[in-house]
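The structure appears below as structure tokens.
The values are calculated or read from the model by the stated rules, or taken from the named source; none is laboratory data. Since the structure is predicted, the reported quantities are computational estimates derived from the model, not experimental observations. Cβ: placed from backbone, ideal geometry, glycine included. Neighbour counts: every protein chain shown. Areas reflect the complete protein model, heavy atoms only, side chains present, ligands, DNA and RNA absent. Shrake-Rupley method; radii C 1.70, N 1.55, O 1.52, S 1.80 Å.
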Amino acid sequence: MTAHGIPEVLLLRAEIAAAAARLIAQDGADYNSAKRKAARQILGDTQPPPNLLPDHAQIEAEVRLYHSLFHSNTQPARLFRLRTLAVEIMEKLSAYQPHLTGSVLNGTAGPHDDIHLQLFADSAKEVEIFLLNKNLQIDISETPHFKGPRFGMVETVSFMWHKEGVHAELYELDDLRGAVKSRADGKILRADLDSVRALLINTTHDTISTDQTTNE
């Protein structure tokens with residue numbers, strides 16, 4: 001690629017990232033489908049080269065920017081609510097080593113986001129029975145394993161908790177050893193209950209600060 005073409009690639013990548021962020025913030029799309037749809041919107045049916053597509057970190061940055069521009073008065077309170085409920089349900093599921101992932105963890109959760117958990121148990125059936133005994137109506141689906149495609153799919157249970165969606169991926173206990181790791185940019189991919197409690201305290205401070213700024 002010529003030096004002249006590099007800025008054009010960077011601009012297109014940024015445009016796709018911004019378009020994907022809008023789909024995520026406005027419609028609750030997942031990152032991969034939002035990225036593909038955004039690329040089609042901008043490039044048409046042309047198959048983009050891999051280096052043209054933004055990574056999740058770039059899209060996440062655009063989601064944060066979108067919320068700061070359009071949801072600055074509501075997003076902190078929304079995040080606080082979801083993190084509060086995440087702590088509550090993680091306490092109920094403490095026997096299964098719950099870890100929080102996704103937008104509620106990284107702080108980009110908006111009006112269409114759900115709570116995403118990873119649980120680690122001797123068997124998926126054990127968790128399902130536990131939830132059913134709590135009188136929760138569950139739906140069962142599959143989610144790609146966090147370790148990558150070669151590890152297949154994992155069973156995922158979805159249910160409502162105080163009118164918010166919760167999706168819990170059910171892993172084997174041995175998977176917990178490889179679960180606590182950071183992204184390339186140093187941000188954590190999942191957090192245990194104590195870590196989420198600490199996040200909730202920080203969210204409270206952020207929400208108060210936002211309210212004070214709005215009222216000034």
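Brief remarks follow.
- Degrees separating the helix 124-133 axis from the principal Cα axis of the chain, which is the longest one: 70 degrees
- Length gained on full extension, Ser72 to Ile138: 20.4 nm, using 0.36 nm per residue less the C-alpha separation.
- Expressed as a whole percent, the accessible area of segment 46-142 that falls on carbon and sulfur atoms is 52 (1.4 Å probe).
- Anisotropy class of segment 1-59 from Cα gyration tensor, a/c 1.5 cut: prolate
- Listed candidates [x] 18.8; [y] 18.1; [z] 17.2 - label of the one calculated as Kirkwood radius over Cα pairs in Å: [x]
- Spacing of the modelled spin labels on Glu88 and Glu172, each 7 Å from Cα toward Cβ, amounts to 3.5 nm.
- Once the 1.4 Å probe is applied to the protein heavy atoms, segment 1-89 comes out at 56 Å² accessible per residue.
- ³J(HN,Hα), Karplus 6.51/-1.76/1.60, whole Hz, each residue of segment 13-30, x for Gly, Pro: 4, 5, 5, 5, 4, 5, 5, 5, 4, 4, 5, 5, 6, 8, 10, x, 5, 7
- Nearest 10 degrees, 0 to 90: helix 31-43 Cα axis against the chain principal axis: 20 degrees
- Angle between the chain longest axis and helix 75-92 axis [Cα atoms, degrees, rounded to 10]: 30 degrees
- Antiparallel bridge percentage (DSSP; both residues within the chain; nearest 5): 70 percent
- Relative contact order, whole percent, for the chain stands at 19, derived from Cα pairs under 8 Å and 6 or more residues apart.
- Proximal charge balance of Gln41 [Cβ under 15 Å; K/R count +1, D/E count -1]: +2
- Entries of Lys125/Lys163; Lys37/Lys134; Lys37/Lys187; Lys134/Lys187; Lys92/Lys187 with Cα pairs more than 32 Å apart: Lys37/Lys134; Lys134/Lys187
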